[in-house]
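A.B. asks: Below you'll find the structure I mean.
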Amino acid sequence: MKKHFADIFAPALISQLRNYAKLMRIDKPVGIWLLLWPTLWGLWLAGEGTPDQGLFIVFVLGVIVMRSAGCVLNDFVDRKIDPYVERTRTRPIASGAVTPPEALTLFAALSLVAIGLASMLNRPAQLLAIVAAGLTVVYPFIKRYVSIPQFILGAAFGWAVPMAFAAQTGETPALAWLVFGTAMIWAVIYDTFYAMVDREDDLKLGVKSTAILFGEVDIFVVAGLQILMLVALLLIGYRADLGGWYYASVAVVGALMAYHQWLARDRQPAGCFSAFLHNHYIGFVVFLGIALHYTFNPISSSS
């Protein structure tokens, strides 16, 4: 049996690089998609279907880097909590595969890359990038003090929207903030499903979440947020003068939301986690509706 060069000469190095990749959640890309879709909504709306190619590359790379940095910092902050939570006890820091100083070094390196990417943007987008960095740093700590950390996560995951508008147009119009608000509501929805998985462990450890705050009415509150998001999506279509392709995508989103309610109906961890994972299809469908509108209506969208 042939052995790879790395397995022969640097097995320890390769093993540790894999641990770093796990710490950045490279092996679990759903978080990247959840952050990427609102970013693409913003880029396509701001560019009216033809966003700047250079900005597209910068923002996609920025999504990957910032999500990775956020995961590293989150696990560093939660290093004394994760070993006692069933779902997180095998994470690299919790298991001892990566030391806290190594994690901080990795976070610093990713932050430098993020700064380099931000330097390629215009001044309005750079100023907004400072806020994005602040939200990324604050989120891991906030769940110890407030009952709605999902709203902070939503702000962090949606902040790329006004950044995209600022980078593309130099402005952040009302449409940008409407899309940002929609992305924030969406994050509260899917991260509440996520928090429902850990609710029992979080109650024991004193970690706060909307799943705990909503309690026995969690499913109903999430349903209300889903309806609110659908209304916001319709408003986006109206403000951006989008057409039938987009509204068809909103209808599909409504069907997906109903399916997620069904998945989480018994509040079983497996069903709630499936609802969380499946949410990224909502982001894809919304983006598809926007992209199809500008593809098949180039004259009206550019007028």
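A.B. asks: Using a Förster distance of 30 Å, how high is the FRET efficiency between F284 and L234, based on the Cβ-Cβ distance and rounded to 0.05?
C.D. replies: 0.95
A.B. asks: To continue, here is another question. I want to check the label-to-label distance for F220 and A248. Put each point 7 Å from Cα in the C-beta direction and report it in nm to one decimal.
C.D. replies: The two pseudo-label positions are separated by 3.7 nm.
A.B. asks: Further question on the same structure: Based only on other Cβ atoms within 10 Å, what is the fewest-to-most ordering of I32, I290?
C.D. replies: I32, I290
A.B. asks: Computed over the Cα atoms of the range 79-148, what is the convex hull's projected area averaged over all directions, in nm²?
C.D. replies: The Cα convex hull of the range 79-148, projected and averaged over all directions, gives 6.1 nm².
A.B. asks: Note down the magnitude of the dipole of the range 21-302 about its Cα centre, charges +1 on Lys and Arg C-beta and -1 on Asp and Glu C-beta and zero elsewhere, to the nearest 20 debye.
C.D. replies: Its charge dipole is roughly 400 debye.
A.B. asks: Cα atoms only, the range 24-147: Rg and Dmax in Å?
C.D. replies: 15.9, 48
A.B. asks: Under the rule that an exposed site lies in a DSSP loop and has at most 15 other Cβ atoms within 10 Å, name the longest stretch of the chain with no GluC sites (Glu not before Pro) of that kind, not counting the sites themselves.
C.D. replies: It works out to 172-303.
A.B. asks: Could you give me D for the range 145-224, from Stokes-Einstein at 37 °C and 0.692 mPa s, where the hydrodynamic radius is the Kirkwood radius over C-alpha pairs? Units µm² s⁻¹, please.
C.D. replies: 242 µm²/s
A.B. asks: What Kirkwood hydrodynamic radius, in Å, does the chain give when the mean of 1/r is taken over all pairs of distinct Cα atoms and then inverted?
C.D. replies: Taking the inverse mean of 1/r over all distinct Cα pairs, the chain comes out at 20.2 Å.
A.B. asks: Scaled to the compact-protein estimate 2.2 N^0.38 Å, what is the alpha-carbon radius of gyration of the range 2-89, rounded to two decimal places?
C.D. replies: 1.46
A.B. asks: Output needed for the range 199-303: three equivalent-ellipsoid semi-axes, defined as square roots of 5 times the C-alpha gyration tensor eigenvalues, in descending order, whole Å.
C.D. replies: Here the semi-axes work out to 34, 13, 11 Å.
A.B. asks: Just to be sure I understand: with springs between alpha-carbon atoms less than 10 Å apart, which residue in D198, D266, D78 has the highest mean-square fluctuation in the Gaussian network model of the chain?
C.D. replies: Greatest mean-square fluctuation among the candidates belongs to D266.
A.B. asks: Under the definition of Cα pairs under 8 Å and six or more residues apart, what whole-number percent is the relative contact order of the chain?
C.D. replies: Here the relative contact order equals 21 percent.
A.B. asks: What percent do you get for the relative contact order of the range 151-269 when only Cα pairs under 8 Å and 6+ apart count?
C.D. replies: Contact order relative to length: 26 percent.
A.B. asks: Tell me the mean residue ellipticity at 222 nm calculated for the chain from its helices only (DSSP H runs of n ≥ 4, each -39500 (n - 2.57), averaged over every residue, nearest 500).
C.D. replies: -24500 deg cm²/dmol
A.B. asks: Let's test the formula: R0 of 25 Å, r as the Cβ-Cβ distance of I115 and I26. What FRET efficiency results, to the nearest 0.05?
C.D. replies: 0.75
A.B. asks: Mind giving me the FRET efficiency for R89 and D241? R0 is 45 Å, r the Cβ-Cβ distance, nearest 0.05 is fine.
C.D. replies: Working from the Cβ atoms, E equals 0.35.
A.B. asks: Let me ask something else about it. Residues in the range 49-63, backbone N under 17 Å from the label point at T295 (7 Å along the Cα-to-beta-carbon vector): list them, ranges by number please.
C.D. replies: Within reach of a label on T295, which here means backbone N under 17 Å from a point 7 Å along Cα→Cβ, the range 49-63 contributes 49-51.
Read-outs throughout are calculated quantities, based only on the coordinates presented, and are distinct from any laboratory measurement. If you're wondering where the values come from, they're calculated on a predicted model, not measured in any experiment. Counting neighbours? That spans all protein chains shown, and the Cβs are built from the backbone with ideal geometry, glycine included.
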